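Read the structure below first, then the notes.
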């Protein structure tokens, strides 16, 4: 039944405004959960709610539920409109926050200075402070009063409740002291102390606390918002890669149209320096394309007719005409953006615990503050000291840091991962990466390139040489449609200085043997090897058989000049990737549907001991199940449809970005640029992220564990409490921001390996 319910659930994202702490998050989630069949996950750092609900629950009902909780909510908008409105709203809100903070600062600084430096206290100084403090208490702290009142109407309490009560209590006591307690005497002097003091017959004023609390909290909120905006920089940079207009070709020439009007099959033009508007295939022209902003690939890729290109990449060479193959939400860039957004909307296990704590934290603090006030008064303490201790408890016990500890780290990490070409589907995937101890690797398309390539060329001694032999062989293979011939031709063109091969005459295919043709007046044959090869070529033939490569020989005018090995070669980073995983404590296992010989050859090259060849999709899924039953936490890396079941059944599924959509859809992590070496980077990033979250939560819990008791026993001034509360949030966000600068380990010199491994590099 649960599965049926889940299958008809819809997902709606809401922009939620007015949240200030983890207690707000918990309240919104609980309010939404009261609707039948609705569950929600609210992210304080992004201000977004991901709501799962039945179709009969309309989005308007979700908005109404959030508003009933005392917050604002808005339904999703089209991407472009949402980005524009978001930027406008963010700019307006930031300006208002700056204005409020600036005015509060100008009014509060004189009050703080006069209250803290007794030598500067002139006649009637306290009345000047009162006049300056009143606007701060009313207007400067108005957002806190407003949100506290809204929460009170809904029988709730949040961090704003604590701040508002602290400000009002400090100012109210100061008013009492000025008008009724003798502090209004023109010649009154008040010493400053870091802890509350007895009044000595004259009630002390705490105007510095009344202005210091909103000042420090406003300053902390402003800096915190700027820092939190920084954690989403990667997502915004992805959005900025999307083109706004595109130049398309039609029967009348070229015309520019909005990117939304582009359709699959249309041909568009990409000039040097422009971004490729959408995914497509090059129809005309050749150039180099910079993929670094999309896939993290550092080297520009050469493209020509028939080559696939990715939307958002930059044309750094010649003019290209590209046929669109995907538009809108189907493009690679859109899928990347969607994955990053999904990841940042989720919650890690640690954050769910923090939210539960924060849900009861504010009511507990209010109870503690009331208890402290009653205890001090009941013990016969000075009323001023009792009220001050109670106010300090209210101010210092803010759960802001608790609410920000995990989401800011996740935002920074997922954004940084996207920049490096590693996409995680959510916090659970990031946590899973940290704990894997076995990784099951597919061979074809994952560890190897997935297509036939020239692995090695061995020239006969005293002959025409390797370069000349491969050039002649490539020329002959221009007339062949066999995959082996195509691989030889592609390699010859790639290694030729000008990329051109000689013309041939008299081409003939020799069924079951090879091909031959006349090149530059010489008879050139590319054939299957036979007995009687020269000694170096005979050794090369044995090595090719060991590596499960297909060998062909090149004969020129009847003389054997070279042996060419063709096969599915290892990706350049495969050896280093497996070696790094092993160093991280992750055991590699090779599982492939290929034959035993090539599987063993690849395993030997990469020093993988556990090999499973001729695996069907069912065999791979069974292997995963057996490993998990043995107690291992298993990750699977694959790229094909046959890997989908194993990817979905593992503790963590990892897809190559160059693989099929089915594999990517079943995976928890996608390596965008198709580089297996990025897997080790992903594991290290996840471990750094989880370590950062642990430090954040330790600080957030530890801060309250230390400061609340100090405030309860009267050892913490309310103004210092406000400063400490703001600093705690900034430290948490600042610690998370370090992940934006996280870097993978630098490339090292490749370790020595077996001859088979060296042959595939």
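For this structure, a couple of remarks:
- Stretching residue 172 away from residue 58 to a fully extended chain increases their span by 36.4 nm, per 0.36 nm per residue minus the current alpha-carbon distance.
- More than 17 angstrom apart: percent of Cα pairs within region 97-144: 34
- For region 409-499, the Cα-based Rg and Dmax, in that order, read 21.8, 63 Å.
- In this simple spin-label approximation, residue 741 and residue 222 carry label points 7 Å from Cα along the Cα→Cβ vector, and these lie 2.4 nm apart.
- Beyond 18 Å, the tail of the calculated P(r) for region 2-76 holds 30 percent of the Cα pairs.
- Taking all Cα pairs closer than 8 Å and separated by 6 or more residues, the relative contact order of region 437-615 comes to 29 percent.
- Gain on full stretching of the segment that runs from residue 520 to residue 542 - 0.36 nm per residue minus C-alpha separation: 4.7 nm
- Contact order normalised by residue count of region 2-76, Cα under 8 Å, 6+ apart, percent: 42
- Rg/Rg_globular for region 243-334, with Rg_globular taken as 2.2 N^0.38 Å and Rg from C-alpha atoms: 0.97
- Nearest-0.05 FRET efficiency for residue 74 and residue 379, computed from C-beta distance (R0 56 Å): 0.65
A short reminder: the numbers here are calculations on the coordinates, not readings from a lab. If you're wondering where the values come from, they're calculated on a predicted model, not measured in any experiment. Please note: Cβ atoms are built from the backbone with ideal geometry, for glycine as well, and neighbour counts cover all protein chains shown.
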